[in-house]
Every structure is written in structure tokens, then in C-alpha cells.
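Step one of this worksheet: look at the structure below.
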Protein chains: 2
Amino acid sequence: MLCRKVRNQMQIDFDKMDGLVAAIVQEDSTGEVLMVGFMNAEAWAATADSGYVTFYSRTRKKLWMKGETSGNRLRVLSAATDCDRDTLLFRVYVEGDGLVCHNGTKSCFTEPLSINHSRTEALK
Amino acid sequence: MLCRKVRNQMQIDFDKMDGLVAAIVQEDSTGEVLMVGFMNAEAWAATADSGYVTFYSRTRKKLWMKGETSGNRLRVLSAATDCDRDTLLFRVYVEGDGLVCHNGTKSCFTEPLSINHSRTEALK
């Protein structure tokens, strides 16, 4: 267990953002991006050891296993880091009722933003 | 155009992370998460106006349109922010040869991380 922890932590660059990395949660079965949180080294170790996504709350300054109270825990099926080793991607199965966002939606990304397509549409 | 800029910027919380928000890039056709970068308000405005993902480089301290040199630009098909308005999600079409990562792979998330599945497997 210790070997896994040490090996994994060495693969992740926590220094670039004051001890934190962004952690993307993606539903494995659909590919839908559900939410993004932050992990410090301790949160990452808790995630790797428990198999459930555990974030570090910047406002509460403590670890929180997502869904521990609601039952909508995020069971990690696979995890990867990127070429800079400063972002994590988790493919998960959502337990419980599957509503990840505290607003009662499946995904937190529910607010559309306007994009000007006039320049790119000319290229199609 | 000004109205769109102002409206969009008011929807995004740049204050939580020193003027920056994380920006996830997801291939629209497959759902694959390709990379994550950072945007400040100027980079977001450039993205919304050009229709191409434009990041703010924290190391070079300037804007960069991803793929402007290589030709692998990220054409934005849709964009959204989350319930906290501090993360952006872009669904894109990758122009050029489709290899987004500077290491020559399609996605930057190529480094698998070990997860202990023994606790969650017991729940299946």
C-alpha cells in the first residue's frame, strides 16, 4: 500500500498550485463531465486508497468524500494524470440517485455560455 | 458583441483563483477529455469572440490560442460553466491532425494512476 501511495504521489505535481491539483470527474458509461474539484496530496491518497473521489475543500480547509452524506458517492473505475502531471481525471460510477450536483442535477455544468460561431462557421 | 462579453463575464467567477478559472476541453464527438488549461477574463473573451479555445499561459504570462501554430486548433461547439461559476467546459472539434497533446497523443491524459479497488469491489 505504501509503495502505491509513494509511486502515485511522485507522479503528481502538487507544487504548481499551492499544493492543489484540479480533479475532473467524468461518468464512465456516458462520458459526461460531472464536476471538478480540488485535491491536495492527502485527498489524492484518500481517493486512491478508498476507491471513492475525495476532495480537499478550499473553503472548509478539510477533506470531504463527495456523496458521503447523500449516498451519491463517486466510485472510481480508472484514474489518469496529464502530460504536466498537474491535473487528474477520474472515470466514475455514481452511486445513489446519480445526481452529483448539489442543485439536484446530474452534472454541475448546467450554465450555457455564448460563443461567437461566425468566424468558425465560415471554415466548415 | 459587447453585451455578450459583459453578460458572459458576469457569469464567471474569476476571483476565487487569482483571476483564473480552469477550462476543460472535451471532444464533442467522442466525449474524450483532451486537456485542461487556464483562462483569465481576457482569454475567455478571446475564446468567446474567436470561437477557438484560447488559454492564459501561467508560465509565459500571455494568451495563447491552442493549436495556432500546429493547426490543431480547438473549435468550440458549445461551452458551459458550473454551479459555482468557477470552471469552464468546452465541447470542441479538433482541427488539423487531431493530436492535441504536445507529446503527440490525442489527449493529454495518458498517465494511468493506481486505485485500490478492493473496498469498492466488495460493494458490487
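The values are calculated or read from the model by the stated rules, or taken from the named source; none is laboratory data. Keep in mind it's a predicted model, so treat the numbers as computed, not measured. Here the Cβ positions follow ideal geometry from the backbone for every residue, glycine too, while neighbour counts run over all protein chains shown. Side chains are part of the model used for accessible areas, which takes the heavy atoms of the whole protein and leaves out ligands, DNA and RNA. Shrake-Rupley method; radii C 1.70, N 1.55, O 1.52, S 1.80 Å.
Some values worked out for this structure:
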| quantity | calculated |
| --- | --- |
| Label distances, nm, A:Glu32 versus same residue in remaining copies, Cβ-directed 7 Å point | 2.2 |
| For A:Thr69, solvent-accessible area (1.4 Å; no DNA, RNA or ligand), Å² | 140 Å² |
| Label spacing, shortest first and in nm, from B:Asp84 to its equivalents in the remaining copies (7 angstrom along Cα→Cβ) | 1.8 |
| Long-range tail of P(r) for chain A (Cα pairs > 16 Å, %) | 64 percent |
| Surrounding net charge for A:Glu27, when Lys and Arg each add one and Asp and Glu each subtract one, Cβ distance under 10 Å | 0 |
| Shielding of B:74-86 by partner chains, average beta-carbon count, 10 Å | 5 |
| Inter-chain shielding of B:92-102 (mean C-beta neighbours from other protein chains, 10 Å cut-off) | 1 |
| Cβ-defined net charge surrounding A:Thr81, 10 Å radius [Lys, Arg +1; Asp, Glu -1] | -4 |
| Alpha-carbon centroid distance for the pair the stretch B:74-110 / the stretch A:53-83, whole angstrom | 22 Å |
| Two-site FRET efficiency, A:Asp13 against B:Thr110, from Cβ-Cβ distance with R₀ of 22 Å, rounded to 0.05 | 0.90 |
| Average projected area [Cα convex hull, the stretch A:25-88], square nanometres | 4.8 nm² |
| Rel. contact order, % - alpha carbon contacts under 8 angstrom, at least six apart, chain B | 23 percent |
| Under the Karplus curve 6.51 cos²θ - 1.76 cosθ + 1.60, θ = phi - 60°, whole-Hz ³J(HN,Hα) for the stretch A:114-120, x wherever Gly or Pro sits | 7, 10, 7, 8, 5, 7, 7 |
| Sites B:Ser57 and A:Ser70, calculated FRET efficiency, Cβ-Cβ separation with R0 51 Å, nearest 0.05 | 0.85 |
| Largest-first ellipsoid semi-axes for the protein assembly as shown, taking √(5λ) over the Cα gyration tensor eigenvalues, angstrom | 30, 19, 17 |
| Of all chain B residues, the one whose C-beta is nearest the axis that brings B onto A, in angstrom | B:Gly31, 1 |
| Calculated FRET efficiency for the pair B:Asp84/B:Thr30, C-beta based, R₀ 25 Å, to 0.05 | 0.40 |
| Inter-copy spacing of A:Ser57 label points, which lie 7 Å from Cα along Cα→Cβ, given in nm from shortest upward | 3.8 |
